[in-house]
1. Please indicate, with yes or no, whether at least one residue in the stretch 84-98 is among the small types (G, A, S), part of a loop (DSSP other than H, G, I, E, B), under 15 Å from A13 (Cα atoms) and within 16 Å of ligand 2 (Cβ to nearest atom).
2. Has the stretch 37-55 got any residue that is touching a Cys at 6+ places or on another chain (Cβ under 7 Å) and either open to solvent by less than 30 Å² (accessible area, probe 1.4 Å) or within 19 Å of A121 (Cα to Cα) (or both)?
3. Looking at L102 and the list (1) open to solvent by 10 Å² or more (accessible area, probe 1.4 Å); (2) away from ligand 2 (no atom under 16 Å from the Cβ), which single condition is not satisfied?
4. What's the number of the only condition in (1) touching a residue at least 12 places away in the same chain (Cβ under 8 Å); (2) within 14 Å of ligand 1 (Cβ to nearest atom) that D22 fails to meet?
5. For the stretch 117-231, give me every one of the helices (runs of 4 or more DSSP H) that falls completely inside it and has 2 or more residues that are at pLDDT below 95 and open to solvent by 30 Å² or more (accessible area, probe 1.4 Å).
6. So which residues in the stretch 12-36 are within 24 Å of L94 (Cα to Cα) and either open to solvent by 50 Å² or more (accessible area, probe 1.4 Å) or among the acidic types (D, E) (or both)?
7. Any residue at all in the stretch 105-116 that's over 15 Å from the mean Cα position of the chain (by Cα) and away from ligand 1 (no atom under 14 Å from the Cβ)?
8. Name the pairs whose Cβ atoms lie under 7 Å apart, with the first residue in the stretch 1-14 and modelled with pLDDT under 95 and more than 13 Å from ligand 1 (Cβ to nearest atom), the second in a strand (DSSP E or B) and of a type in the set (V, I, T), and 6 or more positions between them or separate chains?
Amino acid sequence: MQVTNVTAVVLAAGSGRRVGSDIPKQFLDLGGKPMIFRCLDVFEACPMVQAVVVALPAGDESRRPDLSGHTKVTSVVAGGQTRQASLGKALSHLPRSAGTVLVHDAARPLVDQPLILSLLAALDGCDGAIPAIPLEDTVKRVAEDRTVESEVDREGIWRVQTPQVFRRAALEDSLAKAVESGLESTDCSQMLTRAGYTVRVVEGDPLNFKVTRAADLWLAEQILLSRREEE
Ligand code: CTP
Ligand code: MG
């Protein structure tokens, strides 16, 4: 099956509580532009991506950055209470022609085109493709009182990232089934595997980390700074 008509869904409707800033992290300046522009610029430059649907926090529109410079953005929608709810709202605004959906967290600003291309190539013969990195640290189960409960064998355990790419019909069907059974997930591919679809894993990029805490913001800034010095 050919990969055609890719629409990117950018999830940017969270509040960024753990970063601890008074504006949502995806709107913070990161190396001279709002963090959300980092992934939007990559999608804008990627010939495989035809359209972009963005989910932003409901309410307070004055704090939103101006997305009019990003010509592939076809819809800006108000997100929901959870990531999955924001995804649902974005999916209801997909262009009719979209056959493949790429879902990305705006909180991963360092995504690049080679990763997108390897994901789309991996979609051949399956319903979804996701980037992930094998766990390198030792893993332990820790009790509530902060004593070590047990060791977890890390063999075959991978950390999952976005972007994740899916056949549109498989993603829509999986989301409908998750909603029907009252299941909530922060990872789209989990919905697909639960519904019996096949999801392939490609090697992720360690620099494509999620900005979750203030230290991640600092790290992303340092990386962008060093790239600029290299130019
Ligand atoms: N997200 C969303 N809608 C929500 C919650 C999250 O679109 N209701 C998006 C975030 O904007 C982010 C991505 O999902 O790009 C991953 O979520 P996370 O890193 O948890 O971001 P936040 O929920 O904003 O941060 P926190 O959990 O620290 O509040
Ligand atoms: Mg969150």
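The values are calculated or read from the model by the stated rules, or taken from the named source; none is laboratory data. Since the model is a prediction, treat every value here as computed from it, not as a measurement. With ideal geometry, Cβ positions are generated from the backbone for all residues, glycine too; neighbour counts draw on all protein chains shown. These area figures cover heavy atoms from the full protein model, side chains too; ligands, DNA and RNA do not enter into them. Shrake-Rupley method; radii C 1.70, N 1.55, O 1.52, S 1.80 Å.
1. Start the filter on the stretch 84-98 by keeping residues that are among the small types (G, A, S), which leaves 85-86, 88, 90, 92, 97-98.
Retained after the next criterion (residues that are part of a loop (DSSP other than H, G, I, E, B)): 92, 97-98.
With the extra rule that they be under 15 Å from A13 (Cα atoms), the set shrinks to none.
Looking through the stretch 84-98, none of the residues is among the small types (G, A, S), part of a loop (DSSP other than H, G, I, E, B), under 15 Å from A13 (Cα atoms) and within 16 Å of ligand 2 (Cβ to nearest atom).
2. Going residue by residue through the stretch 37-55, those that are touching a Cys at 6+ places or on another chain (Cβ under 7 Å) are none.
Looking for residues that are touching a Cys at 6+ places or on another chain (Cβ under 7 Å) and either open to solvent by less than 30 Å² (accessible area, probe 1.4 Å) or within 19 Å of A121 (Cα to Cα) (or both), one finds none in the stretch 37-55, hence no.
3. (1)
4. (1)
5. 214-230
6. Residue satisfying the conditions is S15 alone.
7. Going through the stretch 105-116, the residues over 15 Å from the mean Cα position of the chain (by Cα) turn out to be 114.
Of the ones still in play, those that are also away from ligand 1 (no atom under 14 Å from the Cβ) are 114.
There is at least one residue in the stretch 105-116 that is over 15 Å from the mean Cα position of the chain (by Cα) and away from ligand 1 (no atom under 14 Å from the Cβ).
8. So the pair list comes out as V3/T100; T4/T100; N5/T100.
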